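Read the structure below first, then the notes.
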Amino acid sequence: MKSIVGLFLVLAILVIIPAADYVFAAGAEPGEYLDRRVVIWNLFYRLMAVAFVVGTVVSGTMIWQCWRFRESHPKAKPTPYEKEGVW
Amino acid sequence: MKKKEYGRKMGGHSNWPEWIYVGIVIALMLWVGAEAWNVERLVEHVPEGAEVIKVTGQQWFWTFEHEDGTKEIGELHVEKGKAYKFEITAKDVNHSFNIHDYVVLMDAIPGRVNTVWFAPTDVGEHDIQCREYCGLIHYNMRGTLYVEEPSS
């Protein structure tokens, strides 16, 4: 449970800090303007990082599942269906 | 089917890691959506006092009209540190107004005025180009943005 709280704390920080950063970066002072190059490319790189992380995790999980739950894996156990022949 | 029996049928494993996995993916998606929404909100907020420049695209050149009525064709002179709001339209077919170096990109559509703003930060010359295929000489529908020191 603690690890879940920690995880969501990390995610919350990841969301809150950039959001606060942008609010200040918007430039409330006259003559101070948002640099759209910085904002847009930052977003692009952050979203690419997220996309690659998600892609790695999802494909990694699938590859691991195929590897771990293959019939020939040393730790493979037959499911009750296979073992008992009852469906 | 009772929970225990279901668990046994499922091979006796718990599925809470799957829910955490699903939760993390959903959280990341929400984060991505929120970030993109926020950036769009900030980028679309035109600052007060931005000078309006009317941009007209036509086969195959760009025309610019400043607030004081000055017109330019194929080149645009602006001042560093000032905000500019482009009001973009087209005379014939669809075009797309693009200043790549400043990440300015907006469609120019006949009968419609689209807006986008930017504030140049450095003195220099930058390419302006059309980013919507608009006919034979689309490839050469270019212009130059000149960012100059403020006059006052």
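Readers should treat all values here as calculations from the given coordinates under stated rules, not as data from a laboratory. Just so we're clear, the structure is a prediction, and the values are computed from it rather than from any experiment. Note that each Cβ is placed from the backbone with ideal geometry, even for glycine, and that neighbours are counted across all protein chains shown.
Some notes on this structure:
- Shown here for the stretch B:63-152: GluC sites (Glu not before Pro) in loop regions (DSSP other than H, G, I, E, B) with at most 14 other Cβ atoms within 10 Å, namely B:Glu67.
- Taking GluC sites (Glu not before Pro) across the stretch B:20-52, the ones in a DSSP loop with at most 10 further Cβ atoms lying within 10 angstrom of their Cβ are B:Glu48.
- Sites count as exposed loop sites when they are trypsin sites (Lys or Arg not before Pro), lie in a DSSP loop, and have at most 11 other Cβ atoms within 10 angstrom; the longest stretch of chain B without one is B:3-111.
- Sorting A:Thr79, B:Thr89, B:Thr144 from the fewest to the most surrounding beta carbons within 10 angstrom yields A:Thr79, B:Thr144, B:Thr89.
- Helix B:16-44 axis, angle to chain B major axis (alpha carbon atoms, nearest 10°): 10 degrees
- Divided by 2.2 N^0.38 Å, where N counts the residues, the Cα radius of gyration of chain B comes to 1.67.
- Looking at the stretch A:30-82, the trypsin sites (Lys or Arg not before Pro) that sit in a DSSP loop and have at most 10 other Cβ atoms within 10 Å of their own Cβ are A:Arg70, A:Lys75.
- Cβ-to-Cβ counts within 10 Å put B:Asp68, B:Asp101, B:Asp127 in ascending order as B:Asp68, B:Asp127, B:Asp101, the fewest first.
- Under 12 Å from B:Lys85, Cα to Cα: aspartates and glutamates that are on another chain or at least 8 residues apart: B:Glu44, B:Glu48, B:Glu51, B:Glu65, B:Glu67
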